[in-house]
Amino acid sequence: VTHRLRNPTHEMSLSKDVSVEVFAADFAWGASTAAYQVEGAWDLDGRGPSIWDIFSHTKGRVFEDQNGDVACNSYRLWDEDLRCIQHLGLTHYRFSFSWSRLLPDGTTSYVNPKGVAYYNKVINDLTDKAITPMVTLNHFDLPQALEHRGGWKSPEIVNVFDSYARFCFKTFGDRVKFWITLNEPQIYAKLGYEDGLFAPGMKEKGSALYLVGHNMLRAHARVWHSYHAHFRHLQRGKVSIALNSDWAMPSDPGCPEDVAAAQRYMDFSLGWFACPVFCTGDYPESMRSMIEARNLELDFVDGQRLPKFSEDEPTVLGTADFFALNYYTSRKVKQASPRPGELSFAADQGAEGTTDPSWPICGVSWLAVFPEGLRKLLSYIKETCNNPTIYITENGFAQRGPVELEDLDRCQFYRDTLQEVSKAIRDDGVNVKGYFAWSLLDNFEWTHGFSVRFGLFHVDFSRDERSRTVYRSGREYAAVVARHRGHTKFSKD
């Protein structure tokens, strides 16, 4: 491992520019990863295959047919990852369990002891170093055995996921106090079942994604209620679901159609999952009315596309102890008219999002840099979701092409972003309690493979050692954390 980390208190710019006094003494400074993107060891020590193993092993699915078979090799190199976390001075680390490493067929009929031992070591090492783990139960990589049984389209997945979660709470919950049930259900449903770009790679336009999203919400709610009823009084942890969203604004603020389209864009992305959990217990009215109108227009007779929540099941409303937010970019939105007879998510939404030419594009075409959008989104969540406690669980800047360890653009991005977060806290009264950079390491970035890099540490994927080298942005992020810790210690004294 190569760590070119100087004394963080001597670093320039980012540390000095960010107003650390705004952040509470117990503010969570973290970084995030996900199991499939970093662990590797895809068929080692009893791990069962996940849908991303099968998907990435299919030609033409991923950039240059790359896969996560080895990735950052974190399964073998966890000690190196821990050193990276310590060098950054992080107070928190968000990672996910590989469901199929713990339960190879996805069920508790067989528990893999080597998977349990691995995550016990990770959690124990973190807590021994006073680093708080935040664990995601499922970050896109559903066990393939469950996909064979219908995956997230099957109603039975709710009980299976609840059983898996209870196992994790029993096994690790004495030390893990922050749990995320599911990561970005909107992305999983849309890219996995509408666009076919993510595992499991289905293209069932305008139908499957709503059923998948519904079952994910049902499963999340069941798990929250299980934790609340059986574990909370002893373990005193918190459970949430990580929701992603762009910030959407009308292309023409003076055009009522664009204003309405921007709101629909928010409703069909953030609101799809946030509204049931934080606001009303049901989907946004615009979603239901738009989809029902399209059903009539298309003479759709195959039942409801957007399911209804059953009164016989535990309520979804209130099943989050904090708001976990993943934010990357923003969009300017205008009204869009569907093609005649079109059955699709886009047609239901009736809104088209584009980027502003003034926003820099980083790494990938969809990622336009607009840190101000994060502040606007945080305020929107405060106003529409009953002022929840918010943890920003992912946010980052992509790099492509030649590796730039002196990544000045990314440094500027973090500087601007943390300033916007501080404004949201100080000026807008948003209750932001943590910030997690995506990502601790350069890793397997889904369909982009290793061609896109988000890490605070560079990983050399051309060498078996997978050596880690800190980027300048990592050094400067560490300086902010160190300065904040020094400030809060001084202020207490």
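The values are calculated or read from the model by the stated rules, or taken from the named source; none is laboratory data. Just so it is clear, the structure is predicted and the values come from calculations on it, not from any experiment. Reconstructed Cβ throughout: ideal geometry from the backbone, glycine too, with neighbour counts over all protein chains shown. Remember, those area values only see protein heavy atoms, side chains included, never the ligands or the DNA or RNA. Shrake-Rupley method; radii C 1.70, N 1.55, O 1.52, S 1.80 Å.
Matching residues to (1) small (Gly, Ala, Ser); (2) within 19 Å of residue 323 (Cα to Cα); (3) open to solvent by 10 Å² or more (accessible area, probe 1.4 Å); (4) out of contact with any helix residue (DSSP H, G or I) (no Cβ under 9 Å at 6 or more places or on another chain):
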| site | (1), (2), (3), (4) |
| --- | --- |
| 221 | yes, yes, no, no |
| 229 | yes, no, yes, yes |
| 234 | no, no, yes, yes |
| 241 | no, yes, no, no |
| 244 | no, yes, yes, no |
| 247 | no, yes, yes, no |
| 252 | no, no, yes, no |
| 261 | yes, no, no, no |
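Just so you know, in segment 105-152 the residues that are open to solvent by less than 10 Å² (accessible area, probe 1.4 Å) and touching a Lys or Arg at 6+ places or on another chain (Cβ under 6 Å) include one that is farthest from residue 208 (Cα to Cα), and it is 123.
Looking across segment 283-325, the residues that are closer than 30 Å to residue 134 by Cβ and either part of a strand (DSSP E or B) or free of Cβ contacts under 8 Å to residues at least 24 places away in the same chain (or both) come down to 283, 284, 323, 324, 325. Residue 447 satisfies every condition listed in (1) touching an Asp or Glu at 6+ places or on another chain (Cβ under 9 Å); (2) open to solvent by less than 40 Å² (accessible area, probe 1.4 Å); (3) not in a loop (DSSP other than H, G, I, E, B) except (1). For residue 280, the conditions (1) open to solvent by 10 Å² or more (accessible area, probe 1.4 Å); (2) touching a residue at least 40 places away in the same chain (Cβ under 8 Å); (3) over 28 Å from residue 34 (Cβ atoms) all hold with the exception of (2). Of everything in segment 12-38 that is in a loop (DSSP other than H, G, I, E, B) and open to solvent by 10 Å² or more (accessible area, probe 1.4 Å), the residue that is modelled with the lowest pLDDT is 12. All told, residue 259 falls short of being within 18 Å of the chain's Cα centre (by Cα) and not basic (Lys, Arg).
Please identify the pairs in which a residue from segment 449-462 that is over 18 Å from residue 73 (Cβ atoms) has its Cβ atom under 7 Å from the Cβ atom of a residue that is of a type in the set (A, V, I, L, M, F, W, C) and open to solvent by less than 10 Å² (accessible area, probe 1.4 Å), counting only partners at least 6 apart or on another chain. Hits for this filter: 452/364; 452/398.
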